[in-house]
Amino acid sequence: LRNRISFLCFMKLLTRTTLVYVTITIAVFATGSWLFYSFLNDLVLEEATELIESKKEVVLEALEADSIVQESSIAEDVHILKGSVEEYMTDTLMYDSLMEETLPFRVIHFPFEKDGVEYHIMISRPLLESEDLQEGMISSFLISLGFLIVLVVLFMWFSSRRIWKPFFSTLAQL
């Protein structure tokens, strides 16, 4: 009976210790995952901005070299309209005819003037790659978290049994 009581006390103590370790592990992993996601998301958006800015320079060079600017789409991702606009960048949802669905896009709007006529130019870039990257990253984090929790529980269970064994042996002799 005495051994049974000490074993039950041991299991309660072991369970509490393991739960504390698992809770701390989940909190640390969740915080690290969120920080990594934020960092990676910022990098992806920065890369999209840089690509749009470089495309803007190419479009401006082409428009300045061309003697006639037409109100149209000169490429699938570049649109020219008459009118003035202040330069700004935005994230929006647009229909993509290639994918046949609404996707997130980063769009830059900027002015261009030629021969006294003002034009409103829009360049868009799909953020689909970043969305795919985010989905893959979240699923890999969840799988890693599950694997890590199982490993922590097993490690804590085996190590705690070994660490607490002398204590409970002494307790059982008393």
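A compact table of results
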read-out: Cross-link reach list, aspartates and glutamates versus residue 55, counting only Cα pairs under 12 Å and skipping chain neighbours closer than eight places; value: 77
read-out: 0 to 90° range, to nearest 10: angle between helix 128-173 axis and the chain longest Cα axis; value: 10
read-out: Cα gyration tensor, the chain - rounded (a/c under 1.5), prolate or oblate; value: prolate
read-out: 13 Å beta-carbon shell around residue 64, net charge (K/R +1, D/E -1); value: -3
read-out: Point-to-point label distance, residue 155-residue 170, nm (Cα→Cβ direction, 7 Å offset); value: 2.7
read-out: Phi-based couplings in Hz for the range 80-86 (Karplus 6.51, -1.76, 1.60; Gly and Pro marked x); value: 10, 10, 7, x, 9, 7, 7
read-out: Part-to-part distance (alpha-carbon centres) for the range 126-171 and the range 96-114, which is given in Å; value: 42
read-out: Net length gained if the chain between residue 76 and residue 95 were fully extended (0.36 nm per residue, minus Cα distance); value: 5.6 nm
read-out: For the range 87-174, the fraction of alpha-carbon pairs in successive 5 Å shells from zero, as %; value: 3, 10, 10, 10, 8, 8, 7, 6, 5, 5, 5, 5, 4, 4, 3, 2, 1, 1, 1, 0, 0
read-out: Additional length obtainable on full extension of the chain from residue 134 to residue 61, 0.36 nm per residue less Cα span; value: 22.8 nm
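Every number here is computed from the coordinates shown, using simple stated rules; none is lab data. Predicted, not measured: the structure shown is a model, and the values here were computed from it. Please note: Cβ atoms are built from the backbone with ideal geometry, for glycine as well, and neighbour counts cover all protein chains shown.
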